[in-house]
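Worksheet: the structure to be examined is printed underneath.
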Amino acid sequence: MSESISSRSIRYASRLQGESLTVGYDAAPILNDVDFQVPDGQVTILVGPNGSGKSTLLKALARILTPTEGQVLLDGQDIHRSKTREVAKKLGLLPQGPVAPEGLTVRELVAQGRFPHQSLLRQWSSEDERAVNEAMTVAKVFDFADRPVDGLSGGQRQRCWIAMVLAQQTDLVLLDEPTTFLDLKVQVDLMELLVQLAHQMGRTLVVVLHELNLAAAYADTLVMLRDGAIKHWGPPSDVFTSANLKAVFDLDAHVIRDPHSKRLICVPTSAPEPAQHIEVGVRIA
Amino acid sequence: MTLRLSHYWVLRLPGERLSLRLPVKALLLALLMTLGLLSLIALSLTIGSYEMSLRQVLSTLLGDEISGQMTTVVWEFRFPRTLVAAFVGTMLALSGAALQNVTRNGLADPSLVGISQGAGLAVVTLTVLWPDQSSALRPWVAFAGSLIVAALIQGLSWNRRGGSSIRFILMGIGVAAFISAITSALMTYGQIDRAMSALAWLSGSINAAGWSEVRMVSVWCAVLMPPLLILSRSMSALQMGESTAVGLGVRASVIRYALISVAVGLAAIATAAVGPLGFVGLIAPHMARRLARSGVGIHLLLTALIGAFVVTLADLLGRALFAPIQIPAGLVTAIIGVPVFIYLLQKSQAKSAL
Amino acid sequence: MTTQVSQFAPTPESPEDSSGAWLAYSAGLPVLVAVLALMFGWHIAVGAKSLPLSTVLNALISYDASQFDHMIVRDLRLPRAVIAVLVGAALSVAGALMQGVTRNPLAEPGILGLMAGASFAVVMAIGVFQTVPTVWLPWVAAVGAMVTAVVVWLIAQWAPGGATPLTLTLAGAAITAFLGALISVAHLLNQETFEQLRVWLAGSLSGRRVDVLSVAAPWLCLALGVAMVLSRKVTVLAMGDDVARGLGVRTGWLKVQVLLCVVVLTACSVALAGPLGFVGLVIPHVVRLFIGSDYRWIVPYSALVGGAYLLGVDIIARLALRPQEIATGIMTAMVGAPLFIHLVRQRAS
């Protein structure tokens, strides 16, 4: 136990760490004794089949779920014992499928991100205004700042929510499946934005993704989960392999490198021999 | 100090200890509503079986004794009654706003989710079984009854997948039917005079309200409104869902219980004072939202004003329309409220189906 | 969700099974008739003056006008018992039909507002015309129930998601609250006329409305018969509109027939006993527990069990707080509301 922690934890600086996290009921924990250090300044992407515990891990890191055992440390402090508002100044969260109240404008939504920095009497400082404008610029939602969120397209809406988390001005941002139900082009745009946040603005991002190819293309660190445990963990070039995909997703796929972008892509292969035989047989008949 | 005019006034004191962003339209509207409410109260004071002019009412209120009868009518009957109506409206409206926020359900109302019925049962029990108890006990009993019923409904509508707000409403209808039946049975059991006084109270009548009721509702208003004001910031974050709110640094579980307690408290005290008044808590928050868009703080202010206006108007209509017969305000709010409820049902989200 | 559907749709059975079930189900009917008869006698026997069952039987079979006890039975208690049986049967069958046609486990004349509509119409008619010929009372109630049924259905239909159990229930509750408030206002405006209606409005069998009984009973029995005839098609309809249409049922016309049948049943009940909530909810669900989802059996079983149930409830209502009598409507709500809560809970999980 202690061995595995020390062997893993020295590799890079990490402000957010999970230590032997167990989440869920005793009989069937969703997450079982997981150690995890979020590398600073990188895009870390969690992937895994349904029920693997990737969203649960993210929620535990974001203190939405309280682990039954283990703890989450933010700058060395137990996150569940810290003041939640102080945590919110360092750690932002975009939950899965958030819904804005009817009629709320983009600017008002983004302004909600200032919540941990405000108080009853201090609700709109110049600092707040600056942060909101900057967040809207970065997320490219300035053009429709005064339109209601519920009237926007899915991709625009998701950018608004990202702007809200940006306005929170946290060094760490956790995002739970931010690209679900979006067109591929919009997914790519969003991922480009997230990578830019990490690499140019020094934010640390943890993202749960469904799309394997997107994950491989944009992750600095790729984390594969299965059955409530982390199975593989490292840069995509090490982790995103045919063998690992088979082991974690039970997926038969080739992993190839795109000659132009040099990114890794997996191409599922149809479950192999017998099908071909039948096809041949049909032709002969 | 800077002051800029656009959709919002941004008010910032030097050093920014105080910095607020105030929606212009909503603030102006709040001002208008305040004036409207004051005029309605003044009008309400002039109307009744004893005719008085506005001037007479005002000078009586200012302490000039025009005639002993006028002083009695204004100070002993109409003024306390109108004040109680306004306070009760405020409390029910704010209770509805808090409930709608915490259940994330636009159809929540203290009378629809059994809270008023809980208070009703508790007060009727007290009236019928222990008639000698002083009325000072009423608010506490009402509060306890409401809290038990609210907890019951919450417990019943919670399951492994967590609480669903729609189930909360259906559960409220069922529990309300059950509690109303027990209340009726109690009144059958009780002596006829006590039952009659309980019956008058149960239809939500402000007839009998006097200065002791004014004292009760105003004191409790003063106790329960500051917590709500403090909670208002968290309410605005909670509007976007519990996970988002937690991410923003809201202690969601604590806030949830605090909000429910305040909502139950407000509704219970109002019910203890005048009996159950339905639909005010449903209508007022929606009207406020439709009239002007604003943050939660100003929205609560508008909601409170509209609630006060609606109940004062309901009381006035109830006693003026068919004078000398008095229609309890609770019946008037139900008749106004049901069409609004149906309208809101049409507008509600399809995805919220059971 | 799927388990819920299966509860209301017949499960396919092999022929052997269904013939075995057929025997068992028909054997149950005489038993229920016996239970009903027993409850009937007991209902007549209890009261301010308890009578032995033998006296009750004598009074019913060989009436002797000179005996005071016989008079009590014949003139005071028999009509009340007959009303209890008829109203219990009518409301239970109405509830069963509504649940089958709307595929909504919460459907019931009280919850969906039909009773409030019928009561409102009666109250208004009496308020406006002072006296309404008894013959007309069931029809006035029927018009009220009909209009309310259509309004509630339209409100639910227009709501997003259509006429779901949720929207129907909410619309019914809203209309009930609205009409209740209007009735209270009318009451306040015209105290003397309405004082006589107070007890009736709480849902009570104590009025002994013999005159109404003679008018309403034939229509009520006719509607029960029609319900029996319709029950076969309702079974098919409970499997879904498309399935029913595929099997050759004219679903639109069938729904109109069922609506008319339900309205007549509700109206006669309201005219006889005032609004009695939740009876139509409780009984079909209890019956379904034992005999499954075939409406050819649910309808007659509901009628018998419903009659016995209301007799039992009325006995408790008369005995529980003696010498006072609890309105029967209060008792049915106290029994029915917990079941409603249970159904909402069950449906959600």
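The values are calculated or read from the model by the stated rules, or taken from the named source; none is laboratory data. None of the values given here were measured: they were computed from a predicted structure. A quick note on method: Cβ atoms are made from the backbone with ideal geometry, for glycine too, and the neighbour counts reach across all protein chains shown.
Quick notes
- Leading residue by the ranking (farthest from A:Glu19 (Cα to Cα)) among those in segment A:58-78 that are free of Cβ contacts under 8 Å to residues at least 40 places away in the same chain and surrounded by 17 or more Cβ atoms within 10 Å (Cβ to Cβ): A:Ile64
- Enumeration of residues in segment B:242-276 that are within 14 Å of another protein chain (Cβ to nearest Cβ) and either closer than 18 Å to B:Leu107 by Cβ or touching a Gly at 6+ places or on another chain (Cβ under 9 Å) (or both): B:Gly247, B:Leu248, B:Gly275, B:Pro276
- Within the option set A:Ala111, A:Ala131, being under 26 Å from A:Cys160 (Cβ atoms) and buried (at least 22 other Cβ atoms within 10 Å of the Cβ) holds for one residue only, A:Ala111.
- Consider segment B:64-116 and keep the residues that are of a type in the set (D, E, K, R) and part of a helix (DSSP H, G or I). The one that is surrounded by the most Cβ atoms within 10 Å (Cβ to Cβ) is B:Arg81.
Residues are listed down the side, and each one gets a yes or a no for (1) within 20 Å of A:Leu166 (Cβ to Cβ); (2) among the β-branched types (Val, Ile, Thr); (3) surrounded by fewer than 19 Cβ atoms within 10 Å (Cβ to Cβ):
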| residue | (1), (2), (3) |
| --- | --- |
| A:His199 | yes, no, yes |
| A:Val207 | yes, yes, no |
| A:His210 | no, no, yes |
| A:Val223 | no, yes, no |
| A:Phe240 | no, no, no |
| A:Ala243 | no, no, yes |
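- Test: residue in segment C:118-128 that is over 21 Å from C:Val264 (Cβ atoms) and over 18 Å from the mean Cα position of the chain (by Cα): yes
- Scanning segment C:23-56 for residues that are more than 22 Å from C:Ala89 (Cβ to Cβ), assigned to a helix (DSSP H, G or I) and at pLDDT 80 or above yields a total of 3.
- Index of the failed condition, C:Val226 passing every other in (1) more than 18 Å from C:Gly306 (Cα to Cα); (2) in contact (Cβ under 8 Å) with a residue 12 or more places away in the chain: (1)
- Some residue of segment C:294-316 being part of a helix (DSSP H, G or I) and within 14 Å of another protein chain (Cβ to nearest Cβ): yes
- Residue count for segment C:317-349, restricted to those that are among the hydrophobic types (A, V, I, L, M, F, W, C), more than 7 Å from chain B (Cβ to nearest Cβ) and farther than 15 Å from B:Ser184 by Cα: 3
- Within segment B:122-156, if we keep just the residues that are surrounded by fewer than 24 Cβ atoms within 10 Å (Cβ to Cβ), closer than 14 Å to B:Val175 by Cβ and not polar (S, T, N, Q), the residue that is modelled with the highest pLDDT turns out to be B:Ile148.
- Some residue of segment B:63-73 being over 24 Å from B:Ser218 (Cα atoms), among the acidic types (Asp, Glu) and either more than 21 Å from the chain's Cα centre (by Cα) or at pLDDT 80 or above (or both): yes
- Scanning segment A:46-83 for residues that are outside any loop (DSSP other than H, G, I, E, B) and touching a helix residue (DSSP H, G or I) at 6+ places or on another chain (Cβ under 7 Å) returns A:Leu46, A:Val47, A:Val72, A:Leu74.
- Candidate set from segment C:73-132 (those that are basic (Lys, Arg) and free of Cβ contacts under 8 Å to residues at least 40 places away in the same chain); member that is nearest to C:Pro300 (Cα to Cα): C:Arg77
- Residue match in segment C:106-121 (condition: among the β-branched types (Val, Ile, Thr), surrounded by 24 or more Cβ atoms within 10 Å (Cβ to Cβ), modelled with pLDDT of 85 or more and assigned to a helix (DSSP H, G or I)): no
- Residue that is farthest from the other protein chains (Cβ to nearest Cβ), among those in segment C:156-171 that are assigned to a helix (DSSP H, G or I) and crowded, with 16+ Cβ neighbours inside 10 Å: C:Leu168
- Condition met for A:Gly92 (within 12 Å of another protein chain (Cβ to nearest Cβ), part of a loop (DSSP other than H, G, I, E, B) and either touching a residue at least 24 places away in the same chain (Cβ under 8 Å) or surrounded by fewer than 18 Cβ atoms within 10 Å (Cβ to Cβ) (or both)): no
- Taking residues in segment B:218-241 that are within 12 Å of chain A (Cβ to nearest Cβ), and partners anywhere that are part of a loop (DSSP other than H, G, I, E, B) and β-branched (Val, Ile, Thr), the pairs with Cβ atoms closer than 6 Å and at least 6 places apart or on different chains are B:Ser234/B:Val250; B:Ala237/B:Val250.
- Only listed residue being within 12 Å of chain C (Cβ to nearest Cβ), modelled with pLDDT under 75 and over 24 Å from B:Ala334 (Cβ atoms), chosen from B:Arg161, B:Arg194: B:Arg161
- Of all residue pairs spaced 6 or more apart or on separate chains, those with beta-carbon atoms under 7 Å, a first member in segment B:298-311 that is more than 16 Å from B:Leu35 (Cβ to Cβ) and a second member that is outside any helix (DSSP H, G or I) are B:Ile298/B:Pro23; B:Val311/B:Leu277.
- Taking the numbered list (1) over 22 Å from B:Trp201 (Cα atoms); (2) over 17 Å from the mean Cα position of the chain (by Cα) in turn, B:Met287 passes all entries but (2).
- Residue within segment B:285-295 that is assigned to a helix (DSSP H, G or I), farther than 26 Å from B:Val219 by Cα and free of Cβ contacts under 8 Å to residues at least 12 places away in the same chain present: yes
- Residues within segment A:112-126 that are in a helix (DSSP H, G or I) and at the interface with chain B (Cβ under 8 Å from one of its Cβ atoms), tallied: 4
- Search result, residues across segment A:166-186 that are under 13 Å from the mean Cα position of the chain (by Cα) and buried (at least 17 other Cβ atoms within 10 Å of the Cβ): A:Leu172, A:Val173, A:Leu174, A:Leu175, A:Asp176, A:Glu177, A:Pro178, A:Thr179
- Verdict on B:Phe279 being more than 17 Å from the chain's Cα centre (by Cα), within 30 Å of B:Thr127 (Cβ to Cβ) and within 11 Å of chain C (Cβ to nearest Cβ): no
- Filter result for A:Gly97 (more than 12 Å from chain B (Cβ to nearest Cβ), surrounded by fewer than 22 Cβ atoms within 10 Å (Cβ to Cβ) and assigned to a loop (DSSP other than H, G, I, E, B)): no
To keep it simple, each residue is scored yes or no on (1) without any contact (Cβ under 8 Å) to a residue 60 or more places away in the chain; (2) within 28 Å of B:Asn105 (Cβ to Cβ).
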| site | (1), (2) |
| --- | --- |
| A:Ser82 | yes, no |
| A:Phe115 | yes, yes |
| A:Leu121 | yes, no |
| A:Phe142 | yes, no |
| A:Thr170 | no, no |
